[in-house]
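The values are calculated or read from the model by the stated rules, or taken from the named source; none is laboratory data. No experiment lies behind these values; they were computed from the predicted model shown. Backbone-built Cβ (ideal geometry, glycine too); neighbour counts: all protein chains shown.
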Amino acid sequence: MKKYFYIFLLISTALLYGCGVKGYPKPPRSYIPEKVHDLKVKQQGRFFLIYWKYKKVYIDGIPFDKEPEFLLITDEIKEPVYPHKYKNIYWIYKKIENFNQKECFKIQVKLNGKKSKPSNSACITPTDKYPIQKQKLTVQIKENGLLLKWNILFPTVNIYRGKSEDLILPIPYKTVKNSLSFLDTDVKLNKPYCYYVTNVLSQNIEGEKSDTVCIIYKDIIPPKPPENGDIVLEDGKAIILWDESPSKDVIGYKIYKNGKELINTLIKAYFFIDKTYKKGDRYIIIAVDKAGNKSKPLFIK
């Protein structure tokens, strides 16, 4: 009897370790996409703005690369939608057919024929009392950013921003109260920026969008000139001195003598020694910024 027991034990051990099985097998893969968890809706004038965030993973947490399809569910009617997208944020506009009537929306994800569970419901009761008159928006380049101006003083204004007209995020970039302007300092040289603004009636009710204004932020503002120029004569040489420009983006200075540039490179210091000085020589100092803009001249004689 013991003989058979040992034979059974040996066979079991061989099967266990020989096949490489060291525990319970993993559950089978799921190819059902995860559902949308963060659906929101608001009114912008005559339209619903429906938006959500979505992480492209299956319900077992494994990511996928393919862009999924989305279905909009209203009153159990499903229709495919083709949202704008930036990174993991998606959004669509839908015209309001009936004001003062509650509307609820859901989003369902579809991938390779398989559908997720519907998202949570996002509901809103639109109103025809929204601010109808839209703002007239202008955007100007300033030394330290982009200055947005609009023409109607409203208690609360939402500013929306994106890098192209079709990629303006549905989430407000800034909210401004009781003002007709906003200076956007979070900009980078030679990058495009697009804006529109809305008047805010309540948390999820906004008025008509302004026209979208797009601009490339370029430094076209000349720096301020250097200050307090002076000449110190010493052993036939002239030491030309000046105080730095107040502008923070200055990278150097050009120096001219009697109308001609003394050296063809930028001076990084705040002085220059002229070994060929003659009585009556006149000097000009000009500040130069990162974009190559030149200041007004500082005259020294």
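Worth a mention:
- Pairs where the first residue, in segment 285-298, is surrounded by fewer than 17 Cβ atoms within 10 Å (Cβ to Cβ) and the second is among the hydrophobic types (A, V, I, L, M, F, W, C) and not in a strand (DSSP E or B), C-beta under 9 Å, 6+ apart: 290/189; 291/189; 291/220; 291/221
- Within segment 172-207, considering residues that are within 24 Å of residue 133 (Cβ to Cβ) and out of contact with any strand residue (DSSP E or B) (no Cβ under 7 Å at 6 or more places or on another chain), the one surrounded by the fewest Cβ atoms within 10 Å (Cβ to Cβ): 203
- Residues in segment 135-160 that are under 24 Å from the mean Cα position of the chain (by Cα), modelled with pLDDT of 95 or more and in a loop (DSSP other than H, G, I, E, B) were compared, and the one that is farthest from residue 221 (Cα to Cα) is 135.
- Filter result for residue 266 (in contact (Cβ under 8 Å) with a residue 60 or more places away in the chain, more than 30 Å from residue 102 (Cβ to Cβ) and surrounded by fewer than 17 Cβ atoms within 10 Å (Cβ to Cβ)): no
- Screening residue 79 on (1) of a type in the set (Asp, Glu); (2) loosely packed, with under 11 Cβ neighbours inside 10 Å; (3) touching a residue at least 40 places away in the same chain (Cβ under 8 Å) shows it passes everything except condition (3).
- Search result, residues across segment 55-80 that are touching a strand residue (DSSP E or B) at 6+ places or on another chain (Cβ under 7 Å) and either outside the structural domain of residue 120 (by TED's automatic domain parsing) or not hydrophobic (A, V, I, L, M, F, W, C) (or both): 56, 58, 63, 66, 68, 69, 74, 78, 79, 80
Rundown of residues vs (1) in a loop (DSSP other than H, G, I, E, B); (2) modelled with pLDDT of 90 or more, yes/no style:
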site	(1), (2)
11	no, no
30	yes, no
67	yes, yes
71	no, yes
